[in-house]
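Taken together, the values in this text are just the output of simple stated rules run on the coordinates, not laboratory data. Note that the structure is a prediction, hence the values are computed from the model and not measured. Cβ sites come from the backbone with ideal geometry, for glycine too, and all protein chains shown count toward neighbours.
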Amino acid sequence: MKVLITGATGLIGSELVSHCHRKGYDVNYLTTSKEKIVSEPHYKGFYWNPDKKEIDTDCFNGVSVIINLAGASISKRWTSSYKKVIIESRINSLQTLYQAVNKLPNHSIEAMISASAIGIYPDSTTNYYSEDDLGIDDSFLGEVVELWEKEADTFKPLLPNVAKIRIGLVMSRDGGALPEMAKPIKNYVGAAFGSGEQWQSWIHISDLARIFLFVAENNLNGIFNGVGPNPVTNNKLVKEIAKVLNRPLLLPNIPEFMMKLILGEMSYILFASQRVSSKKIEEEGFVFKFQNVCGALEAIYNKAEDNERIASDLNKEYIS
């Protein structure tokens, strides 16, 4: 299998590339930076500029699956101008891919698998969301994800398989939210946010990469939640991070108004609550390596031998 990945040099993309290579899959990737283009036997880069709808169509040669991870970070202050960047980076990327695939005289592409986000689910401390829930959060994030998924759906007339992975809080030591959450805890000024009762649906980055490939390998269609089996509250998550870092939690929970003063509207992502189910992907046969947040955090922060064991297990899984 040859996979075309957008966002391949980012946090999730880098992990996905690693898993592809473990399985012996060739990777083509698209980048907006010509300096990041390399050409190796199993890893080839191609230039694109989604804002101008420019793309090197050689990127599609031999490709059977497109995995779209492109999109500007939501972890920057949501000014009016940056909100536009967040939306357009996602829409323009998918439109550029669609227009290019639609014009190909012939191709081997069977599937489009696009990143999405659990931010589409309405903020709630009581609901337990599955992919069948149709409500959309009344927030900027809800708007972003709704537009993002509608654009991904335009591929349905073109390709046999179209899937969307609604990604939760990605647990990785190398980037994303976890290092930012751990930093104040390491410095003895960590605390939960607001009531701390908001749900955080997390996933270890290795399991997330495996979900994307599982969907590709099994020709799955539709929406799948990219979250682990056991969501936790913010209180629980902060306590577990402090435990694995061997730090006390000395401060009271941080009030919502304080973070809004500091971060503006973007502070919403710290207080929104989405308890999200992983049952659908599990019913397809996917088995999580990291079922509980404590084990995920220990593997990420404390136990090098655990990481080696996970890598060994993955290699065995791929070889078999």
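Report the one residue of Phe257, Pro41, Ala111 whose Cα lies farthest in the direction of the positive end of the charge dipole of the range 2-319 (charges on C-beta: Lys and Arg +1, Asp and Glu -1; origin at the Cα centre).
My answer, from the dipole projection, is Phe257.
Given H placed 1.01 Å from N in the peptide plane, which residues other than close sequence neighbours of Lys164 have an amide H under 5 Å from its amide H?
Ser114, Gly222, Ile223, Phe224
As an exercise, identify the trypsin sites (Lys or Arg not before Pro) in the range 50-146 lying in DSSP coil whose Cβ has no more than 16 other Cβ atoms within 10 Å.
Lys53, Lys76, Arg77
With both partners inside the chain, how many of the DSSP beta bridges are antiparallel, as a percent to the nearest 5?
Of the beta bridges lying entirely in the chain, close to 15 percent run antiparallel.
Springs between alpha-carbon atoms under 10 Å, Gaussian network over the chain: tell me which of Phe60, Phe212, Phe257 tops the mean-square fluctuations.
Judging by the Gaussian network model, the answer is Phe257.
So for each of 130-138, 6-14, 171-179 I average, over its residues, the number of other beta carbons within 10 Å; can you give me the resulting order with the highest mean first?
Listed from highest to lowest mean packing, they are 6-14, 171-179, 130-138.
Which one, Gly196, Val101, Pro248, projects farthest toward the positive side of the charge dipole computed for the chain from Cβ point charges (K/R +1, D/E -1)?
Farthest towards the positive pole: Pro248.
Between Tyr43 and residues 5 or more places away or on another chain, which pairs have amide H atoms under 5 Å apart, with H built 1.01 Å from N, and which residues are they?
Answer set, sorted by chain and number: Val27.
For the chain, just say rounded, prolate or oblate: build the C-alpha gyration tensor, square-root its eigenvalues into a ≥ b ≥ c, call rounded for a/c under 1.5, and beyond that prolate if a/b exceeds b/c, oblate if not.
Cα axes put the chain in the prolate bin.
Treating only the Cβ atoms of Lys and Arg (+1) and Asp and Glu (-1) as charged, compute the dipole magnitude of the chain about its Cα centre; round to the nearest 20 debye.
That gives the chain a dipole magnitude of about 680 debye.
With unit charges on the beta carbons (Lys and Arg positive, Asp and Glu negative) and the dipole taken about the Cα centre of the chain, which residue among Pro122, Val144, Val85 sits farthest to the positive side?
Val85
I'd like to verify something in the chain: which complete DSSP H helices, judged by Cα projection on the helix axis, reach 24 Å or more and average at least -0.5 on the Kyte-Doolittle scale?
80-103
On full extension of the chain, what length is gained from Met1 through Lys260, given 0.36 nm per residue of separation minus the C-alpha to C-alpha distance?
My answer for the length gained is 88.6 nm.
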